[in-house]
1. 5 Å is the cut-off here: which amide hydrogens, built 1.01 Å from N in the peptide plane, fall below it relative to I131, excluding neighbours closer than 5 in sequence?
2. When the expected Rg is taken as 2.2 N^0.38 Å, what fraction or multiple of it is the alpha-carbon Rg of the chain?
3. Using R₀ = 35 Å, calculate the FRET efficiency as 1/(1 + (r/R₀)^6) where r is the Cβ-Cβ separation of R33 and S99; round to 0.05.
4. Neighbour counts of other C-beta atoms within 10 Å: give me F80, F53, F14 arranged from fewest to most.
5. List the residues whose amide H sits under 5 Å from the amide H of A66, counting only those 5 or more places along or on another chain, with H placed 1.01 Å from N in the peptide plane.
6. Taking only DSSP H segments of four or more residues, each worth -39500 (n - 2.57), what value at 222 nm results for the chain once the sum is divided by all its residues, to the nearest 500 deg cm²/dmol?
7. Full extension from K26 to S75: what is 0.36 nm times the residue separation minus their Cα-Cα distance, to one decimal in nm?
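Nothing in this text is a laboratory measurement; each read-out follows from the coordinates by a stated rule. This is a predicted model, so every value here is computed, not measured. Here the Cβ is made from the backbone with ideal geometry for all residues, glycine too, and neighbour counts use every protein chain on show.
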Amino acid sequence: MEDKIIKFFEGDKFAAYNGIKLIKVKPGYSLARMEITANHLNGVNIVQGGALFTLGDLAAAAAANAHGRVAVAISANILFIKPSKGKVLFAEAKEISASKKIANYQVDIYDDKQEDIAKLTVILYKRDEKIIFE
C-alpha cells in the first residue's frame, strides 16, 4: 500500500518541480526528502523559506491523506531554527491528534547532518471524499 500512496503523491506537480520525494508514508506518518540545488537558495545563499514550507507541507499532506480521506491544510505555522549547511533536507510528519474532521500534525525538518532546520505545525480539515490509491 505504501508504494501506491507514494505514487499518488508523485502527482503533486509543485512538489515534484521542487525535487521533493516521499521516502516513507503510512496513515499518520511520512518522511520526505529534498536535495538542495541552486534553485532552492535565496539572495543570501541559504535555502529559501518557501522551499522549507513546501517540503513540510507535502510531508503533512501525505501523512494525513494516507488515511484514505482528502485532508487539506487550513492552518500552518513554521518556525525557522537555523540555515541548513547540508545538501539534503528531510521532513518527518507525525500526527499529534485527530478527530472526525480535524487533524494536527508536527513536522520536523532536518538536514543530512541531523541538524534541526525548521518545525511546522499543520492543522488539516478532513473532507468527506475518499482517496483510492491505485
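1. The list, which skips near neighbours in sequence, is R69, V70.
2. Rounded to two decimals, the normalised Rg is 1.00.
3. Working: r = 30 Å, r/R0 = 0.86.
FRET efficiency, R33 to S99: 0.70.
4. The order, fewest Cβ neighbours first, is F14, F80, F53.
5. Counting only residues 5 or more places away or on other chains, the set is G28.
6. -6500 deg cm²/dmol
7. Using 0.36 nm per residue and subtracting the Cα-Cα distance, I get 15.5 nm.
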